[in-house]
Amino acid sequence: MKMYIYLMVLGCFLLKSCVRDVDFDQLDDIEINTIHNFSLIHFDMEPSNFLDDFENEVLMSSDTIALPIFGGNYTVNYLNQAELKYKFSNSFDRNGSLEIEFLDAYNGSLFTLQKIYIDANISNFEVTQEFDDFELQRVFDTERMVVNLKLSNGSNPLDQNQTYLFSSQMALLLYYKVKAGDD
């Protein structure tokens, strides 16, 4: 019988020592960081994409894309960082450049990212553009983005039968930070 009492006292002592000095206030310091990766654009451009109906060179190609992903309270309240990741391959014997402009609902320009220069005859060229604080604040008003691709002039004219290829892949990464005290 004494053995059972001794074991019960020892068990209570161990139980008390295991739960003493636990700091539950640490729960207020919890921070959840998530990354959302959106594949935005993938295109392949051949020489025929830079020629008009009469086979005259048109070295600028432009496209406008709807971007409804920046709306909503979650994004407005918790978006901490955003960046675009690109991967280019350019088998043309000409350099190229890519420029992206962000537009509001009325097609007004919010901001333009720095132009990216892509060398001729390059493959798997990767670039990352991080949004600065000004751009990150303006991104919430974004409804569309305009992508402008331009090839430089060349010494030889483009021919639609050439096997050149300009390939681009673009992904948008959104970084969110939520703290325990956030509503």
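The values are calculated or read from the model by the stated rules, or taken from the named source; none is laboratory data. Please read all numbers here as calculations on a predicted model, not as lab measurements. Cβ coordinates were reconstructed from backbone atoms using ideal geometry, including for glycine residues, and neighbour counts include every protein chain displayed.
Residue count for the range 140-164 under the criterion of being surrounded by 15 or more Cβ atoms within 10 Å (Cβ to Cβ), out of contact with any helix residue (DSSP H, G or I) (no Cβ under 7 Å at 6 or more places or on another chain) and farther than 20 Å from Ala105 by Cα: the result is 2.
Take Thr128 and decide whether it is modelled with pLDDT of 90 or more, exposed (fewer than 11 other Cβ atoms within 10 Å of the Cβ) and of a type in the set (Val, Ile, Thr).
Values: modelled with pLDDT of 90 or more: yes; exposed (fewer than 11 other Cβ atoms within 10 Å of the Cβ): yes; of a type in the set (Val, Ile, Thr): yes.
Answer is yes for this residue.
For the range 97-112, state whether one or more residues are among the hydroxyl-bearing types (Ser, Thr, Tyr), assigned to a loop (DSSP other than H, G, I, E, B) and free of Cβ contacts under 8 Å to residues at least 12 places away in the same chain. Checked against the condition, which is being among the hydroxyl-bearing types (Ser, Thr, Tyr), assigned to a loop (DSSP other than H, G, I, E, B) and free of Cβ contacts under 8 Å to residues at least 12 places away in the same chain, the range 97-112 yields at least one hit. Could you check how many residues of the range 67-78 are in contact (Cβ under 8 Å) with a residue 12 or more places away in the chain and over 15 Å from the mean Cα position of the chain (by Cα)? Summing the residues that are in contact (Cβ under 8 Å) with a residue 12 or more places away in the chain and over 15 Å from the mean Cα position of the chain (by Cα) in the range 67-78 gives 5. A search for C-beta distances below 6 Å between a residue of the range 46-58 that is of a type in the set (Lys, Arg) and surrounded by 12 or more Cβ atoms within 10 Å (Cβ to Cβ) and any residue that is assigned to a loop (DSSP other than H, G, I, E, B) and at pLDDT below 90, counting only pairs 6+ apart in sequence or on different chains, returns nothing.
Among the conditions (1) assigned to a helix (DSSP H, G or I); (2) under 16 Å from the mean Cα position of the chain (by Cα); (3) over 22 Å from Leu136 (Cβ atoms), Ser48 misses just one, which is (2).
Kindly establish whether Thr163 is farther than 22 Å from Ile35 by Cβ and modelled with pLDDT under 95.
Numbers: farther than 22 Å from Ile35 by Cβ: yes; modelled with pLDDT under 95: yes.
In short, yes.
Which residue out of Asp63, Asp52, Asp28, Asp44 is out of contact with any strand residue (DSSP E or B) (no Cβ under 6 Å at 6 or more places or on another chain), at pLDDT 65 or above and either among the aliphatic types (A, V, I, L, M) or within 30 Å of Asp93 (Cα to Cα) (or both)?
Working: Asp63 fails: out of contact with any strand residue (DSSP E or B) (no Cβ under 6 Å at 6 or more places or on another chain); Asp28 fails: either among the aliphatic types (A, V, I, L, M) or within 30 Å of Asp93 (Cα to Cα) (or both); Asp44 fails: out of contact with any strand residue (DSSP E or B) (no Cβ under 6 Å at 6 or more places or on another chain).
From the options Asp63, Asp52, Asp28, Asp44, the qualifying one is Asp52.
Consider Gln137 carefully, then state whether it is touching a residue at least 60 places away in the same chain (Cβ under 8 Å) and either surrounded by fewer than 16 Cβ atoms within 10 Å (Cβ to Cβ) or among the basic types (Lys, Arg) (or both). No, not satisfied. Taken over the range 79-98, the criterion of being surrounded by fewer than 16 Cβ atoms within 10 Å (Cβ to Cβ) and either among the acidic types (Asp, Glu) or at pLDDT below 95 (or both) is satisfied by Asn80, Gln81, Glu83, Asp93.
Of all residues being part of a loop (DSSP other than H, G, I, E, B) and small (Gly, Ala, Ser) in the range 59-78, which is surrounded by the fewest Cβ atoms within 10 Å (Cβ to Cβ)? Just the residue, please. Spell out how you get there, then give the answer.
Our first condition is that a residue be part of a loop (DSSP other than H, G, I, E, B); within the range 59-78, this holds for 59, 67, 71-72.
Now drop any that are not small (Gly, Ala, Ser), which leaves 71-72.
Values: Gly71: 13, Gly72: 11.
So, considering only residues that are part of a loop (DSSP other than H, G, I, E, B) and small (Gly, Ala, Ser), the one surrounded by the fewest Cβ atoms within 10 Å (Cβ to Cβ) is Gly72.
Restricted to the range 77-112, and to residues there that are touching an Asp or Glu at 6+ places or on another chain (Cβ under 9 Å) and among the acidic types (Asp, Glu), the residue that is nearest to Asn33 (Cα to Cα) is Glu83.
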